[in-house]
Structures are given as structure tokens and as C-alpha cells.
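Undergrad: Submitted below is the structure of interest, expressed as C-alpha cells.
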Amino acid sequence: MKQRNQGIAYIIASGFFFALMTFFVRLAGDLPSIQKAFFRNAVAGAVAIFLVMKSSEGVKLKKANIPTLLLRSICGTVGLICNFYAVDHMNIADANMLNKLSPFFAIIMSYFILKEKADKVEWIAVIVAFIGALFVVKPSFSMQFVYALIGVLGGMTAGMAYTFVRKLGMMGERGPVIIMFFSVFSCLSVLPFLVTSYEPMGRIQLIYLLAAGSFAAAAQLCITAAYTKAPAKEISVFDYTQVVFAALLGILFLDQIPDLYSILGYIIILGTAIWKWNYNMRKDRARG
């Protein structure tokens with residue numbers, strides 16, 4: 001019980017830090033999403049490299065894991081850029097909620113990547129969550145709809161990335177190495193685009209982006225610690241506190257009030273996550 005409570009505390013802390021990350025990304029203003037992603041991952045990558053170098057094993061990549069590390073990194077980079085783009089053009093709470101569709105996309109991707117078959121309840125959860133997403137997306141012939149679709153794409157590619165992370169864990173790869181590889185790959189892959197589209201930054205913008213990277217690194221460390229304390233199935237639902245924190249930051253500092261449709265979408269998606277979590281817990285107790 002103590003371990004699980006510690007895991008819950010860590011994952012709530014990670015949600016808070018991720019919300020702060022998106023908040024500072026938004027505060028950084030009108031800069032290209034790729035530029036924001038570069039600085040975010042440069043800081044997180046430096047922290048990950050330090051941790052890997054400090055470990056007894058050092059930087060040792062398993063050759064057989066490199067293709068999966070590349071796929072995880074490609075999906076993660078696309079997901080990050082899409083998420084930052086959505087954060088820049090939508091309420092940060094809406095953007096965070098669309099990104100939190102990733103666990104439901106992971107159910108779908110696990111079927112194709114890991115050959116794991118979801119049961120009837122999990123497929124119902126996916127369908128209901130996507131119905132909830134429609135209230136946040138609000139289909140229409142407007143640019144806001146396009147921004148929301150990019151947010152959904154970010155959630156989908158993040159779900160794919162998390163599935164590859166799970167596969168890497170099954171292959172025995174270390175968490176800090178996965179974070180390091182992703183961060184370095186992301187920085188290098190966006191560098192050509194950064195050079196051609198770089199926008200000069202003021203000192204305060206640079207501070208905001210460095211803060212975003214620092215909070216991202218803190219969030220990753222917390223979420224890694226959380227899953228060493230308790231299984232994902234027991235604590236993952238608390239990751240949705242990120243949306244609550246993002247909504248509060250948006251209301252208090254950005255004058256962003258979610259509309260009724262978005263709030264209804266939040267309730268549906270969060271309710272589905274809680275329902276699925278409760279179902280998994282009861283199923284595990286029954287197995288016993």
C-alpha cells in the first residue's frame with residue numbers, strides 16, 4: 001500500500017510538471033513548434049545523458065533494440081511537435097486532454113505492434129473516449145478544427161511511442177537510455193528545420209523554453225519513479241491530473257475558460273479512464 005501511494009504521489013507530481021511544461025511553452029509566444037520542441041528536448045536530453053553516464057552500466061545500447069528505439073523516437077518527436085502546435089493554438093487544457101487520448105490509442109497500437117488482443121471492455125473504452133474527444137475537437141469548417149485534429153494526431157503518435165516504450169521494456173532496455181535516445185534523436189532530427197525556420201528569441205522567451213525543458217525532465221523522472229513503485233494498471237489513471245492542472249493554469253494566468261462542450265468531453269474521457277482502471281483492478285483481484 002505504501003509503495004502504491006508513493007507511486008500515485010509521483011505520477012500526480014509528473015502531471016503537475018507536464019502541465020507546467022505546456023504552460024511555459026505557451027508563454028514562450030509566437031515561435032515555431034519545432035524550435036520549442038528542440039529546446040524542450042535539449043534540456044531533457046542533457047539530464048538523461050547525465051543520469052545514464054552516472055549509472056554503473058553507462059551508455060550501452062543493445063544493437064537489437066535500436067530499430068525499436070528509432071520507431072519510438074520518431075513517433076515521440078512527431079507527437080511532441082503536434083502537441084506543442086496544439087498548445088499554441090488551443091486552450092492548453094483542451095490540448096492536454098487530446099494528448100491524453102494516447103492510452104486509448106495505445107490499446108489499438110498494442111494489437112498491431114505487440115500482438116496483444118484487447119477485450120470487449122477495452123474496445124468500448126476506446127470508442128467512448130473518442131466520442132468524448134469529439135466534444136473537445138468540435139468538428140467544423142474552421143482552423144480551430146484543424147488545430148484540434150493536429151492535437152489528436154499528437155495523441156495518436158504519443159500512443160504509438162508509449163507502445164514502443166512498453167516493447168523496449170519487455171526487451172530489457174533501461175528507462176534513462178530510452179529517454180536519452182529519444183531526446184538526442186529528436187534534437188538532431190529537427191535541427192535542419194530549426195536552422196531554416198529559426199526565429200530570434202528574447203531573453204524571457206529563452207528562459208520560458210528552458211523552464212519548459214526543465215519541467216519536462218522533472219516530469220519524466222517522476223513518471224519513471226512512479227512506475228518503479230507500482231504497476232501502471234494501478235496508478236496510470238492519476239496521470240489525468242495533468243489536465244486539471246493545465247486547466248487551472250489556463251484559467252488563472254491565460255484567461256482560458258473551457259467551454260461547456262470541452263468540459264463535457266473532459267468528463268467523458270476522464271470518466272472512461274476511471275471506469276477502465278476500475279475494471280482492470282477488479283479483473284486482477286478476481287484472478288487473485
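Undergrad: Tell me the residue from Val165, Val190, Val126, Val137 that is closer than 30 Å to Ser55 by Cβ and open to solvent by less than 20 Å² (accessible area, probe 1.4 Å), please.
TA: Val190
Undergrad: Shifting gears a bit: Which residues, taken from segment 258-288, are in contact (Cβ under 8 Å) with a residue 12 or more places away in the chain and either in contact with a strand residue (DSSP E or B) (Cβ under 7 Å, 6 or more places away or on another chain) or not in a helix (DSSP H, G or I) (or both)?
TA: Within segment 258-288, Pro258 is the sole residue that qualifies.
Undergrad: Right, here's the next one. If you take the residues of segment 9-40 that are in a helix (DSSP H, G or I) and in contact with a Lys or Arg (Cβ under 8 Å, 6 or more places away or on another chain), which of them is surrounded by the fewest Cβ atoms within 10 Å (Cβ to Cβ)?
TA: That would be Tyr10.
Undergrad: Does Thr157 satisfy the criteria of being assigned to a helix (DSSP H, G or I), open to solvent by 40 Å² or more (accessible area, probe 1.4 Å), within 24 Å of Phe39 (Cα to Cα) and not acidic (Asp, Glu)?
TA: No; evaluated as a whole, the condition is false for this residue.
Undergrad: Now for a different question. For segment 86-112, which positions are at pLDDT below 90 and of a type in the set (Val, Ile, Thr)?
TA: Residue satisfying the conditions is Ile107 alone.
Undergrad: Still on this structure, I have one more. In this structure, does Tyr261 turn out to be modelled with pLDDT of 90 or more and over 18 Å from the mean Cα position of the chain (by Cα)?
TA: yes
Undergrad: State which residue is farthest from the chain's Cα centre (by Cα) when the search covers only segment 201-236 and only residues that are open to solvent by 20 Å² or more (accessible area, probe 1.4 Å) and of a type in the set (Val, Ile, Thr).
TA: The residue in question is Ile204.
Undergrad: Output yes when any residue across segment 75-90 is touching a Phe, Trp or Tyr at 6+ places or on another chain (Cβ under 6 Å), surrounded by 22 or more Cβ atoms within 10 Å (Cβ to Cβ) and farther than 18 Å from Gln242 by Cα, and no when none is.
TA: Yes, that holds for at least one residue.
Undergrad: Among all residue pairs at least 6 apart or on different chains, which show Cβ distances below 6 Å where the first residue, located in segment 76-99, is under 13 Å from Ala148 (Cβ atoms) and the second is assigned to a loop (DSSP other than H, G, I, E, B) and open to solvent by 10 Å² or more (accessible area, probe 1.4 Å)?
TA: Asn91/Gln256; Asn91/Pro258; Ala93/Pro258
Undergrad: Among the residues of segment 113-128, is any in contact with a Gly (Cβ under 8 Å, 6 or more places away or on another chain) and either outside any helix (DSSP H, G or I) or modelled with pLDDT of 90 or more (or both)?
TA: No, there is no match, as no residue in segment 113-128 is in contact with a Gly (Cβ under 8 Å, 6 or more places away or on another chain) and either outside any helix (DSSP H, G or I) or modelled with pLDDT of 90 or more (or both).
Undergrad: Would you check which residues across segment 247-257 are part of a helix (DSSP H, G or I) and either open to solvent by less than 70 Å² (accessible area, probe 1.4 Å) or acidic (Asp, Glu) (or both) and list them?
TA: Hits for segment 247-257 are Ala247, Leu249, Gly250.
Undergrad: Anything in segment 107-146 that is in contact with a Lys or Arg (Cβ under 8 Å, 6 or more places away or on another chain) and either of a type outside the set (Val, Ile, Thr) or within 15 Å of Thr272 (Cα to Cα) (or both)? List them, or say none.
TA: Ser110, Tyr111, Leu114, Val121, Glu122, Ala125, Gln144, Phe145
Undergrad: Now a separate question. Hey, could you check segment 47-64 for residues that are part of a helix (DSSP H, G or I) and touching a residue at least 60 places away in the same chain (Cβ under 8 Å) and say which is farthest from Met180 (Cα to Cα)?
TA: Ala64
The values are calculated or read from the model by the stated rules, or taken from the named source; none is laboratory data. Computed from a predicted model, the values in this text were never measured in an experiment. Cβ: placed from backbone, ideal geometry, glycine included. Neighbour counts: every protein chain shown. When the accessible area is computed, the model is the full protein with side chains, heavy atoms only, and any ligands, DNA or RNA have been set aside. Shrake-Rupley method; radii C 1.70, N 1.55, O 1.52, S 1.80 Å.
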